[in-house]
Amino acid sequence: MAQTKKALLVDITRCIGCRACETACKEKNGLPMDDGPASGEPRLNRGERALSATTYNVVEERSGRFVRNFCRHCNEPTCASVCPVGAFTKLEAGPVVYDEDKCMGCRYCMMACPFHIPRYEWNRVTPRVRKCTFCADRVEQGKPTACSEACPVGATTFGDRDMLIAEAQARIRENPNGYVNHVYGVEEAGGTSMLFLSDVPFEQLGMRVDLPREPLPLLTFRVLSKIPDIVVLGGVMLGGIWWITHRREEVAKAEGAERQAASAGVRKPGGPA
């Protein structure tokens, strides 16, 4: 029996900025509460926050709202599609997990992610890529994520993706003046496991609204699928150019030989008839 896809619904209108989700994430993953100035990472108690190798989830203040920023766990993750060694895997339940033993440090995932999420451990001898894990171990056991369990006001809800989409749409119908008529994450980049509701346009919250609805790996595949035809056509063209060039050389050699033969055949003065 196929496992249902899980997701998180983040209702930005309900978030009070308590940052209990940040603390829960830190505790769950054994991350330092205060990264300290030496690492160049933001302190948990500072007003200005950012994702880092030791901070997988942050609550940012945008347009007077508190907005969570963390890995979206895409339905068709670009990070997994570009990884040449298969260090990223999309689990059936939803989490996109990372195998540090496979990682070779190319950082293609960081460049390919449409949400600019993965971070790198620049200060380690053997650095790893770091991001939200979607509490994959807890989800596998049927438990909610640590962040959703810690939220005191229900701003983050864990559950089946389809049910959460239906819940989000119901909230919009019940309060059309209180929400933007869009559930962010349903279609962006092919859909994500992190869904968002807002009462202001998402672009005001620093969220990308220029993403295609199709999964980004599919767009890449379409380009790459044309490569064999291009290679064949290029091979034919190069072969034709080689043949023409080679043919010219053969003709030139033949003409040269003919000239030499003609010259040798000319009777020298005083020579035999």
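Using a 1.4 Å probe over the heavy atoms of the protein chains, calculate the carbon and sulfur portion of the accessible area of segment 99-159 as a whole percent.
About 51 percent, which is the carbon plus sulfur part of the accessible surface.
Please give the net charge around residue 205, taking every other residue with its beta carbon less than 11 angstrom from that of residue 205, where Lys and Arg add +1 and Asp and Glu add -1. If you can, show how the numbers build up before the last one.
Numbers: positive: 62, 65, 68, 208; negative: 60, 61, 199, 203.
Result for the local shell: 0.
Quick one: accessible area per residue over segment 105-151, 1.4 Å probe, rounded to a whole number of Å²?
Using a 1.4 Å probe on heavy atoms only, each residue of segment 105-151 averages 52 Å².
Roughly how many Å² of residue 126 are accessible to a 1.4 Å probe, to the nearest 10?
90
Taking the Cα centre as origin and putting +1 on Lys and Arg beta-carbons and -1 on Asp and Glu beta-carbons, what dipole magnitude results for segment 128-210, to the nearest 20 debye?
Values: 9 positive and 12 negative charges, 71 e Å.
In total the dipole reaches around 340 debye.
Assuming a ≥ b ≥ c are the square roots of the Cα gyration tensor eigenvalues, decide whether segment 130-175 counts as rounded (a/c under 1.5), prolate (otherwise, with a/b larger than b/c) or oblate.
prolate
The values are calculated or read from the model by the stated rules, or taken from the named source; none is laboratory data. Remember, predicted model here, so these are calculated numbers, not experimental data. Neighbour counts are summed over all protein chains in view; Cβ atoms, including those assigned to glycine, are modelled from backbone coordinates with ideal geometry. Heads up: the accessible areas ignore ligands, DNA and RNA and are worked out on the full protein's heavy atoms, side chains in. Shrake-Rupley method; radii C 1.70, N 1.55, O 1.52, S 1.80 Å.
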